[in-house]
């Protein structure tokens, strides 16, 4: 199986980190194909950057999607996942949605660890959009940029463990989710130090993508995920433009 | 007052039509500044096109937003409205949200007329995201491209009137909303033929934008709509890149 | 344009204060017609007083509504707004609904400042009824009667500013709403001291009423807002009774 | 036990009918005290009439509430029930809320029979306000005024039975609710002809009122249902004014 | 009237306590028939114990249900109440649902007192399942086993009173609910010490069961509560097996 | 990996069918361990049978769970899945929840095919309990027992294909879910004849169980899924009783 691991951030460092973690959890027969955004923010964290990344993500899908059995969008905003399902016709997994559906099958109340106070509102909007804005969800912000650059992350990991334990003790969470693609693989490493299941989106995303690809449901031929047919577009990268067939707007 | 009327579609015809309707409803002192998307679909109607348009819309805002008192995004998907609020710090109105909040103050059950069966699901997702997916909303699709090109639209208008009356009689709607930027001004013209208030997004959007601009609340300086500060971005149009201040990622 | 500014409280002092603020925000061509409740509470703040005010409000509408282009109900309970839409057939705006739809277009999480601990539950019920009982809304009670009588309100205004800042810092609100008709105009004055948009209902209500009146949708002729036809009523004020046409109950 | 049976309609005919049905279901030791609205609509069915009736209902409560152990508001709009709980400090039951909580304990999907197409929207708003706007609720309108005047109702009853059976067969309802105070006692008479539990609000309301009165919880002394203390009011009926203690507005 | 008071716990002590409280509130003509679970947990408090108790409860209903006019399931998890409605065709009341519908008719915000930190999540799930997971509900855990064995409960009762008052003062609750069958009768005793209505499930359950039995709606003959007809079952207690008619699976 | 495939129905035929389908989708290294309920209904389809099966399922888990890496409950009611998570401390997957989370990652509106009109209400309750009772879900009942016995199912399969296509064409569904454990493997076979993804619970359940087991999160040590510690129970099967440690109720 061939999985496109799409990092819409323009940070090769993050792509590398995510790809390493993905390979650890992927099945032996799965080939991970990591790609990095061609334009936009180094690390997407604002509304404007998210808007730009929607385009960057579909351009990556158009360019690298051929021959892939599924896509994992390794951006915690699940950038362009619905567009990708329409565009490619293979399963496209968002790492946040993957973590949420995984957690829903493991326990009750969710606790989220995020790494940037400002973007928490964006994350909450995303979770609510999936219907998982449950009463009683807890949040802790561990303000740190340590994960985004090479170097020792031991102090950060201690903070994460403490944040999870605080949510267990104070907010009675039953599942902890580490937000951010850059947390790839961290949950597994810290699990022994947590009293509840600890999830990161990339790990969950790889597992969900393999599961969905093995389903073999093929492309939708009706509804809003079916191929749209030839559409008139202008000014796009050739790989992306080619996906619209070059015909006139229907 | 100066209102940026942003059409993220790449159709100048639609921009012209929307601008004409906007000028009819705008206050005497309001100057309408229409702009058209630089890249993407002629008429945005699929998930992939919406993703591309997010970028096109923020690029337009960055390029043309200076000096505007408010923005009306004249695309029925309210493309990048939240990004725009963050980016520009002036009111940014989506035509669908504008129609919904207007309708909510006029009556109960909503009835929507759309012009493309496929995109109805996308429209429903948008409405639900605003919290207006009320039980009992009704929909009628009038499959027609007549509005997207010059020419007589009398037959289309008869179909719209019939669709609205059908929803009044069969589904007991109390407010009718014509979806699509291209319906700009049509509601007002057809109102005498409808038994319930008839709304189009562009008309509602201009009125809401003027109202919000007159509020004078200024720019948020806290939260997810505050200016993000210098951010590291790559590969963007200069006007858009300039909005990020050129600094390193915070 | 002629706007009926309806204060269902029986306090002329509040009516005067509200009318002054309304005139500040209204367009040059708008004439504000303030009226005061003929019976009921000086300041409506309990469930029983709200019940009485429903009647007082429709009686004011029947008496003074002729010739008005829209009505603003300047009571934070949005007293009888739906009845008024049915009764008069022109836009009837509630100041709380107006503040909510305005805020929804400006930011995310709401923070409310109220001035009476007891009535907060009533206010929450109203907000929930409009579908805006969002997870994470914040509240602060500034227990003070200073706004309801002539005199210096500087201390009160400092308390309001502090309450808003506390909600920004502690609860991450993105829009602040000052409840109560008596706050008319205060938001605008205090905006420079707040880091997020600051709204008061009367200001929002005037702007929404002008917007809705300019829409020109006319009277609903179907559904629960259509004219009810002759109805048999007894014991009412003549102006109100006249609205029912004097015929037998249909 | 003494139950105030409050008909806020101004129709003595309806009051008599409701009182007869109430006495059939009440316990032997329960005394039913029927009262009729002093002003307003003969039969409340529009938004304006509901607004007026809020006042009429609290006036009746103030005048006749002394010495009663509970109140049943025999108007299908549950007029002023929350005001009454605050005003009187004894259980105040709305017949629609009573039918809903009764039905919730008997089965799943609800089906409603109403007798006036126009007011169905108002009824739906009320049901939604109680949190019972469940997906899949069914409605049938039996347009008839037969119940509101003396005379044979056999044809009406056949229509009701047919409407209930249609909802069972077509909409898979599991509980049927006859709306309208005037249906008092009809459910019990028609039960043998229905395949699911058949409820009318007055019967449910009497049973709930007796249950709540027997609880003996007494008056709330905190929160929005506690006595409001002396309040300044003007222009009210003496019995109602007396409830506010004649003091200045707190 | 004959009420089956079903304790699915296997504790005779709890059954006795519940039966005593039930007899205090029941009408003079009501005969309380207490029964105790034949297998399972002494005191049901975990998910596995709840699963076992579902079976124990329907076995008790099958064995003792004949001739009863209604059933009160005196377990705070409302174990098997929906199964019982199907199985027996008489009203089956759950004590938690009974407390919720009673409280909903008395005030607004709920406050719950529970006696075991671990099981609070289970209780919240149950409340949410009934649609009563209202924003703002408050909880206090009074960790104590005193109620489950003979002996002085004065200290426990002081803790309960303090927990209720804390929720009134800090969380503005308007109705307090004591969870757990073992609290039977305690609410009534402590009411004078609480500023808001204080409810326990068994008391509310007996009152609701009497009300529902007096309705006389009889057995559903359609839908998911109708008798299922002969079904093929194996390995069941004879009384329970007999309810399935011994026929082949339909 | 060792997966316990738990059929709480007492039909060996269904167990065999489910196990065959499970082996087709399972990874090469996964061993499927099928077990059948020891008591209860041949095919669980009523509320009483569901109550009994809760006990049967936890007894099977206690007896056969040792050494398994995950459990798939192959009953469309997801019988005792939450109890199993608590009892065993390994992932326990319900086939309906698995189908829902799979479908949510593939498209929008769901369409369900069920095989028994009566039990549809139970299925809807289950789906709603998971938060997936989306507006616009569609249902079709294909009344047939053909799947529950050996023999030709071609006619049944044609009916399923027709039902799915009807929901695509009429209700605009984007994902189809075949309910019932007995549909195991049918979705995959019929996928080429459907225009949208077609799912059955057992296939989805095996894939989810493998994914969750590979996560390696281990046992919750806090919250309502942690081991409950010694509990006092009576009258249980020894394997189940042993799980409670034989100690006194805590």
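We did not get these values from a lab; they are worked out from the coordinates using the rules stated. Predicted model, so just to flag it, every value in this text is computed and none were measured. Glycine also receives a Cβ, built like all others from the backbone with ideal geometry; neighbour counts cover every protein chain displayed.
The Cα center of the stretch C:4-56 and the Cα center of the stretch A:8-51 differ in position by 58 Å. Across identical copies of the chain, residue A:232 has label-point separations of 4.3, 6.4, 6.4, 6.9, 8.1 nm, listed in ascending order, with the point defined 7 angstrom from Cα along Cα→Cβ. Let me know the shape class of the stretch A:1-119, please: from the alpha-carbon gyration tensor, a ≥ b ≥ c as square roots of the eigenvalues, rounded when a/c is under 1.5, otherwise prolate if a/b is greater than b/c, or oblate. Rounded is the answer for the stretch A:1-119, as its axis ratio a/c remains below 1.5. As a rough footprinting exposure proxy, the listed residues F:153, F:179, C:15 were ranked by other beta carbons within 10 Å of their own, and the order from fewest upward is F:153, C:15, F:179. Note on E:69, E:158: ascending count of other Cβ atoms within 10 Å places them as E:158, E:69, the fewest first.
Taking other C-beta atoms within 10 angstrom as a stand-in for reagent exposure, B:148, E:244 fall in the order B:148, E:244, fewest first. The calculated FRET efficiency for the pair residue D:1 and residue D:219, based on their C-beta separation and a Förster distance of 30 Å, comes to about 0.95. How long is the gain from residue C:149 to residue C:171 if the chain were fully straight, where each residue apart is worth 0.36 nm and the alpha carbon distance is subtracted? Result for the pair: 4.8 nm of gain on full extension.
As a calculated quantity, the FRET efficiency between residue A:193 and residue B:66 at R0 = 60 Å, using C-beta atoms, amounts to about 0.75.
Here the label points at residue F:12 and residue C:117, each 7 Å from Cα along the C-beta direction, are separated by 7.0 nm in the simple model. Among residues of chain C, the one whose Cβ lies closest to the rotation axis carrying chain C onto chain F, together with that distance rounded to whole Å, is C:131, 9.
In the stretch A:88-197, Rg over Rh equals 0.95, where Rg is the alpha-carbon radius of gyration and Rh the Kirkwood radius from pairwise Cα distances. Is the shape of the stretch D:131-250 rounded, prolate or oblate, going by the alpha carbon gyration tensor and its root eigenvalues a ≥ b ≥ c, with a/c under 1.5 for rounded and a/b larger than b/c for prolate? It is prolate, given that a/c is not under 1.5 and a/b is the larger ratio. Measuring r between the beta carbons of residue B:33 and residue A:239 and using R0 = 35 Å, the FRET efficiency lands at 0.55.
Every pair of different Cα atoms in the protein assembly as shown enters the Kirkwood calculation, which places the hydrodynamic radius at 33.5 Å. Using the rule -39500 (n - 2.57) for each DSSP H run of four or more residues, divided by the residues of chain C, the 222 nm mean residue ellipticity is -12500 deg cm²/dmol.
Between this copy and the others, label points of residue D:38 are 1.6, 6.4, 7.3, 7.3, 7.9 nm apart in ascending order, each placed 7 angstrom from Cα in the Cβ direction.
Counting Cβ atoms of other protein chains within 10 Å of each residue's Cβ and taking the mean over peptide C:180-188 gives 1.
Directionally averaged projected area (the stretch E:84-136, Cα convex hull): 4.7 nm². Based on Cα atoms of chain E, Rg over Rh with Rh as the Kirkwood radius reads 0.98. Each copy carries residue E:143; placing its label point 7 Å along the C-beta direction from Cα gives inter-copy distances of 3.4, 3.4, 5.6, 6.5, 6.5 nm, listed from smallest up.
Model label points for residue A:141 and residue B:134, set 7 angstrom from Cα along the Cα-to-Cβ axis, are 3.6 nm apart. Three semi-axes describe the equivalent ellipsoid of the stretch A:116-166; taken as square roots of 5 times the Cα gyration tensor eigenvalues and ordered largest first, they are 25, 14, 8 Å. Which shape class applies to the stretch F:50-107: rounded if a/c is under 1.5, otherwise prolate when a/b exceeds b/c and oblate if not, where a ≥ b ≥ c are the square roots of the Cα gyration tensor eigenvalues? Oblate, because a/c is 1.5 or more while a/b does not exceed b/c. The angle separating the long axis of helix F:12-25 from the principal Cα axis of greatest extent in chain F is about 80 degrees. Could you give the distance between the Cα centres of the stretch B:192-220 and the stretch A:57-82, to the whole Å? About 37 Å separates the Cα centre of the stretch B:192-220 from the one of the stretch A:57-82. Rounded to the nearest 10 degrees, the angle from helix B:47-64 to the longest Cα principal axis of chain B is 60 degrees.
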